[in-house]
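J.: Have a look at this one before I ask anything.
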Amino acid sequence: MAATSTLTQPTPGSHSTKDHSTSSQERVGGEYLEVRILRQDGPGEPSYWERHQIPREADMNVISVLQRVAAQAQAADGRTVPPVVWDCNCLEEVCGACTMVINGQVRQACSALVDKLLTDNPGEIELRPMSKFPVIRDLMVDRGRLFHGLKRVQAWVPVDGYYDAGAPAKISPASQETAYPLSECMSCGCCLEACPQYGKIEVSPRAGETTAEYEHRKAAAYDQGFVGPHAISQAVLFNSHPTGKMIEGDRWDSLMAEGGLQICGLAQNCVAVCPKSIPLTESIAKAGRALTVHAIKRIFDR
């Protein structure tokens, strides 16, 4: 378990005067866009800054910027460089795969508009991978620990077989209104990046270790770390469901174990950066009250 990230100072390079393929009619006033990217060649490798310059076009988002950077495969100082690697999928701020740190703020690259970014920071756009997850390459990180947290709290409604279980229990409109905002979580990782109690855990394979042994050791390390506000909120969501409530005690037990709710320092950074405005701190408060009741019940159940 180690956090290995070595930063090097960027090397300002002369701006390329090479003619780019983008049509001049699409460019915004013939301007070029400066992009500074924190790159890393592989897991555990040192990171380094690299500057790129691309034609600025109308209505660009950060994904389109990265596409131009990848197609160009040339740094601002004229060096030929490997295409920058990043992760994305839906491009509609639904999947959370393209989450990265943009101009110092964790957010999704698909919904980060260049015009707005340059209004806030006219000089350039700076891109970094999230710092709380191991870097696979460049801006692509391994979010496996995020999903492991959901497994820890059993963030699902258990289905036991395929037999007819009868009509589902009704959920009142008031309960639906409370549950819906929590169901919007897309597991993007923004809340974890902003959380001061969620530290980076990076487990590297050992020589001679099998894949199964490595995965077991990694899961054990994840179990010792803070589960995170996203998992706490999902535990509250599924414990409010009539069927999900059947394993309510198991979820509370998970949040009372090592790395559970007691680690939360109530910094409230999570709710400040959540792109879906999910009331995470309300979920944390609800979970805290429920855990108190659950702990008292366990005393009398002995």
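J.: For the structure I just gave you, tell me whether Leu146 is in a strand (DSSP E or B), under 22 Å from the mean Cα position of the chain (by Cα), buried (at least 22 other Cβ atoms within 10 Å of the Cβ) and of a type in the set (A, V, I, L, M).
T.: Details: in a strand (DSSP E or B): no; under 22 Å from the mean Cα position of the chain (by Cα): yes; buried (at least 22 other Cβ atoms within 10 Å of the Cβ): yes; of a type in the set (A, V, I, L, M): yes.
No: the conditions fail for Leu146.
J.: Please count how many residues of the stretch 247-260 are in a loop (DSSP other than H, G, I, E, B) and crowded, with 21+ Cβ neighbours inside 10 Å.
T.: Of the stretch 247-260, the ones in a loop (DSSP other than H, G, I, E, B) are 257-260.
Restricting the remaining residues to those that are crowded, with 21+ Cβ neighbours inside 10 Å gives 260.
Total meeting the criteria: 1.
J.: Can you list residue pairs whose Cβ atoms sit under 7 Å apart, with the first residue in the stretch 262-290 being among the β-branched types (Val, Ile, Thr) and the second being assigned to a loop (DSSP other than H, G, I, E, B) and surrounded by fewer than 20 Cβ atoms within 10 Å (Cβ to Cβ)? Count only pairs 6 or more apart in sequence or on different chains.
T.: Ile263/Gln197; Val271/Pro279; Ile278/Glu184; Thr281/Gln268
J.: Going by the structure shown, is Tyr162 outside any helix (DSSP H, G or I) and within 16 Å of Pro134 (Cα to Cα)?
T.: So Tyr162 fails the test.
J.: Taking Glu124 as meeting all but one of (1) free of Cβ contacts under 8 Å to residues at least 60 places away in the same chain; (2) surrounded by fewer than 18 Cβ atoms within 10 Å (Cβ to Cβ); (3) in contact with a Lys or Arg (Cβ under 6 Å, 6 or more places away or on another chain), write down the number of the exception.
T.: Going through (1) free of Cβ contacts under 8 Å to residues at least 60 places away in the same chain; (2) surrounded by fewer than 18 Cβ atoms within 10 Å (Cβ to Cβ); (3) in contact with a Lys or Arg (Cβ under 6 Å, 6 or more places away or on another chain) one by one, Glu124 breaks only (1).
J.: Another one. Can you tell me which residue within the stretch 158-217, out of those that are in contact with a Cys (Cβ under 9 Å, 6 or more places away or on another chain) and hydroxyl-bearing (Ser, Thr, Tyr), is farthest from Ser283 (Cα to Cα)?
T.: Step by step, filter the stretch 158-217, then rank; the result is Tyr198.
J.: Let me ask another. Please determine whether any residue of the stretch 196-203 is open to solvent by 50 Å² or more (accessible area, probe 1.4 Å), hydroxyl-bearing (Ser, Thr, Tyr), touching a Leu at 6+ places or on another chain (Cβ under 8 Å) and more than 18 Å from Arg289 (Cβ to Cβ). Steps first, please.
T.: First pass over the stretch 196-203, keeping only residues open to solvent by 50 Å² or more (accessible area, probe 1.4 Å): 196-197.
Retained after the next criterion (residues that are hydroxyl-bearing (Ser, Thr, Tyr)): none.
Checked the stretch 196-203: no residue is open to solvent by 50 Å² or more (accessible area, probe 1.4 Å), hydroxyl-bearing (Ser, Thr, Tyr), touching a Leu at 6+ places or on another chain (Cβ under 8 Å) and more than 18 Å from Arg289 (Cβ to Cβ).
J.: May I pose another question? Among Ser187, Ser254, Ser204, which is of a type in the set (Ser, Thr, Tyr), under 30 Å from Ile102 (Cβ atoms) and more than 15 Å from the chain's Cα centre (by Cα)? So that I can check it myself, show each step before the final result.
T.: Values: Ser187 fails: more than 15 Å from the chain's Cα centre (by Cα); Ser254 fails: under 30 Å from Ile102 (Cβ atoms).
Matching residue, one of Ser187, Ser254, Ser204: Ser204.
J.: Could you list all residues from the stretch 171-195 that are of a type outside the set (S, T, N, Q), in contact (Cβ under 8 Å) with a residue 40 or more places away in the chain and surrounded by fewer than 17 Cβ atoms within 10 Å (Cβ to Cβ)?
T.: Pass one, the stretch 171-195, residues of a type outside the set (S, T, N, Q): 171, 173-174, 177, 179-182, 184-186, 188-195.
If we keep only those that are in contact (Cβ under 8 Å) with a residue 40 or more places away in the chain as well, we get 171, 179, 181-182, 184-186, 188-195.
Within the stretch 171-195, Ile171, Ala179, Glu184 qualify.
J.: In the stretch 266-281, which residue that is outside any helix (DSSP H, G or I) and of a type outside the set (A, V, I, L, M) is surrounded by the most Cβ atoms within 10 Å (Cβ to Cβ)? Lay out the reasoning, then the answer.
T.: Here is the first cut: in the stretch 266-281, the ones outside any helix (DSSP H, G or I) are 266-268, 274-279.
Pick out the ones that are also of a type outside the set (A, V, I, L, M) and you get 268, 274-277, 279.
Values: Gln268: 14, Cys274: 23, Pro275: 17, Lys276: 16, Ser277: 10, Pro279: 16.
Per the stated criteria, the residue is Cys274.
J.: If Glu126 meets every condition in (1) outside any strand (DSSP E or B); (2) touching a strand residue (DSSP E or B) at 6+ places or on another chain (Cβ under 8 Å); (3) not aliphatic (A, V, I, L, M) apart from one, which number is that one?
T.: Answer for Glu126: the failing condition is (1).
J.: Going through Ile284, Ile263, Ile232 one at a time, which residue ends up being under 15 Å from Gln197 (Cα atoms), hydrophobic (A, V, I, L, M, F, W, C) and open to solvent by 50 Å² or more (accessible area, probe 1.4 Å)?
T.: Numbers: Ile284 fails: open to solvent by 50 Å² or more (accessible area, probe 1.4 Å); Ile232 fails: open to solvent by 50 Å² or more (accessible area, probe 1.4 Å).
The unique qualifying residue is Ile263.
J.: Would the stretch 131-140 turn up any residue that is farther than 20 Å from Val227 by Cβ, assigned to a loop (DSSP other than H, G, I, E, B) and open to solvent by 60 Å² or more (accessible area, probe 1.4 Å)?
T.: Within the stretch 131-140, the subset farther than 20 Å from Val227 by Cβ is 135-140.
Now drop any that are not assigned to a loop (DSSP other than H, G, I, E, B), which leaves 138-139.
Filter again for open to solvent by 60 Å² or more (accessible area, probe 1.4 Å), leaving none.
No, that holds for no residue.
The values are calculated or read from the model by the stated rules, or taken from the named source; none is laboratory data. Not measured: the values here are computed from a predicted model. Heads up, the Cβs are rebuilt from the backbone with ideal geometry, glycines too, and the neighbour counts pull from every protein chain shown. Just so you know, the surface numbers come from the protein's heavy atoms only, side chains and all, with ligands and any DNA or RNA stripped out. Shrake-Rupley method; radii C 1.70, N 1.55, O 1.52, S 1.80 Å.
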